[in-house]
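The values are calculated or read from the model by the stated rules, or taken from the named source; none is laboratory data. Fair warning: this is a prediction, and the values are worked out from it, not measured in the lab. Cβ placement follows ideal geometry from the backbone for every residue including glycine, while neighbour counts extend to all protein chains displayed. We work out accessible area using only protein heavy atoms, side chains counted, and drop any ligands, DNA or RNA first. Shrake-Rupley method; radii C 1.70, N 1.55, O 1.52, S 1.80 Å.
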Amino acid sequence: WSTNILPTSNAVVVIPSGLDTYPTATGSVSVNSVIMNSGSSLIAEDTFIGALTYRRTLSLSNWHLIASPVVGETIENMLLKNNFLRDTDGLIALAPYQPNLDPDDTWNYFKNTTTGAIISGQGYSSRLASEGDVSFTGTMATTDIAISSVGQTIDYNLVGNPYPSYISVISFLSENSSSLEEMTLWMDHFDDIEQQSVYIPISLVTQLEYIAPAQGFFVKPNVSTVLNFRESMQSHQAIDTFEKTSSSERPEIKLLMTNGTSTKYTDIFYIEGTTTGFDNGYDSSIFNSTESFSLYTNTITNSAGRKLAIQSLPDSDYESMVVPVGITADADKEITFSATTIKLPAGIKVYLEDRELNVFTELVADVYKVDLAAAVNGVGRFYLHTSQKVLDVSDVPILTNIKIYTTTNTNLRIVGLPEGAKALKLYNIIGQEIMSTSFNTNGVKDIALPNLSKGVYNVQLKIGSEIIREKIFLE
């Protein structure tokens, strides 16, 4: 094994897990069969003849996202040799994702009678009846593999690593950057903070750098297109999917929120070269934006309402950057905010602003508890500040962090509103007034727009003697 060359023979070759070095077949190989244990790795740079079986250990009796690391596996063979959970209606806990407008109908569960191919590059959700291995048998993938996506209209696609080796996260995202709405993939993972399985975002800035053999994951294509896995993405790694590769050296803030039962968190990274807007590959959305209890941030500038699990900001001028914090939480609940930090500049402290109650709290040193008299769903009430001085309400100008943007062509959203009467007018590009309205809402306000043709419009928002002007674009 030290030469990284797989010997040619008619024998059965077993590749165990836990090796320091794994084989790369640089020449043509013909074997009777190869059996690969969970976490092992094999790369073929030439023709490879012989059966290949990959065993992936599923550590918990829980749902897992998987993908076939071999070519030519069939549904009937998978059902025959694996101990999948089965229900009384004949449904089997193995299913491709079928994006659907009905969130309760997104999995196409196989039955005892289902036949057909397990598609290379496609992901599947699976659950075993007990802890053990899920096994795939086929032949070695020795070419690039492409899989058709179904596009933005139905959101996420479930795909997976089609090789019996590790593939680079950065290489996969870079290769498919023009086809993805976000350069992010989402993997299921038991989260130590949330104490449950969640879909964590993986991008150019996360510490997970490689996707293990047989690992499935979600992506979000921006159009119906083809997603590519290249042979050149492969490598051997000594780590499995969710082991961290290194400790972080960049400044970071982890903001946490709990209701006493569930805990959620969102990350802010400070990285040279990033902006206060959306940086694709550096900012990542939360996976499920419809959860009843959630925490996220919006970008500081040019926000389109994207709910971020990870936001990357410039590593300078900290005190000028105020991050809008969004939450979803029920009424009559006490929620508690806290934070942890890594390598922030000396003297910089983290403050949470509650704009509705006009309260600033220094997190890390303290927590902020608040009883929600009404349900909260969105941004506009809470903001995260980084400052060297102690902050209070007088430090925040009245118009700071008010954002105006469209969520659809018929809805205008304003967030970060202070108390007091407001007046809004909408003008077309030649200055004609299209609509006028007034309101007295603080926090977040949605305003219905008339049926307008596509183009640029000017919004004028008046709060007291102050006026904000913003352009919106209707497509």
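Ranked from highest to lowest mean number of other Cβ atoms within 10 Å per residue, what is the order of the peptides 369-375, 353-359?
Details: 369-375: 12.9, 353-359: 16.6.
Per-residue mean Cβ counts within 10 Å order the peptides as 353-359, 369-375.
Could you sort TRP63, TRP107 by their accessible area in this structure, using a 1.4 Å probe and putting the largest first? Intermediate results must be reported in sequence, preceding the final value.
Values: TRP63 90, TRP107 60 Å².
Sorted by accessible area, descending: TRP63, TRP107.
Of all the accessible heavy-atom surface of the chain, with the other protein chains kept in place and a 1.4 Å probe, what percent is carbon and sulfur?
Values: 10050 of 21170 Å².
That fraction is 47 percent.
With +1 on the Cβ of every Lys and Arg and -1 on the Cβ of every Asp and Glu, and nothing else charged, how large is the dipole of the chain about its Cα centre, in debye rounded to the nearest 20?
Numbers: 30 positive and 52 negative charges, 144 e Å.
Roughly 700 debye for the chain.
After finding the eigenvalues of the alpha carbon gyration tensor for the chain, what semi-axes result from the square roots of 5 times each, listed largest first in whole Å? Walk me through the intermediate numbers first.
On the way: eigenvalues 449, 118, 90 Å².
Over the Cα atoms of the chain, the ellipsoid semi-axes are 47, 24, 21 Å.
With +1 on each Lys and Arg Cβ and -1 on each Asp and Glu Cβ, and nothing else charged, work out how big the dipole of segment 174-331 is about its Cα centre, in Debye to the nearest 20. Don't skip to the answer; put the middle values down first.
Numbers: 8 positive and 22 negative charges, 69 e Å.
Using only the charged Cβ atoms, the result is roughly 340 debye.
By per-residue mean of other Cβ atoms within 10 Å, what is the highest-first order of 135-147, 12-24, 158-170?
Working: 135-147: 18.1, 12-24: 15.3, 158-170: 24.0.
Highest-to-lowest ranking by the protection proxy: 158-170, 135-147, 12-24.
Mind pulling the per residue volume of the convex hull built on the Cα atoms of segment 354-475? Å³ is fine.
Values: hull volume 15.8 nm³, N = 122.
Normalising the Cα hull of segment 354-475 by residue number yields 130 Å³.
Set the bar at 28 Å for Cα to Cα. Now go through LYS369/LYS403; LYS343/LYS471; LYS254/LYS422; LYS264/LYS403; LYS254/LYS403; LYS422/LYS454 and name every pair that lies beyond it. Before the final figure, lay out the partial values.
Details: LYS369/LYS403 26 Å; LYS343/LYS471 38 Å; LYS254/LYS422 34 Å; LYS264/LYS403 24 Å; LYS254/LYS403 23 Å; LYS422/LYS454 26 Å.
Checking Cα-Cα distances, LYS343/LYS471; LYS254/LYS422 exceed 28 Å.
Taking only protein heavy atoms into account and a 1.4 Å probe, give the accessible area per residue of the chain in Å². If you can, show how the numbers build up before the last one.
Details: 21170 Å² over 475 residues.
Accessible area per residue: 45 Å².
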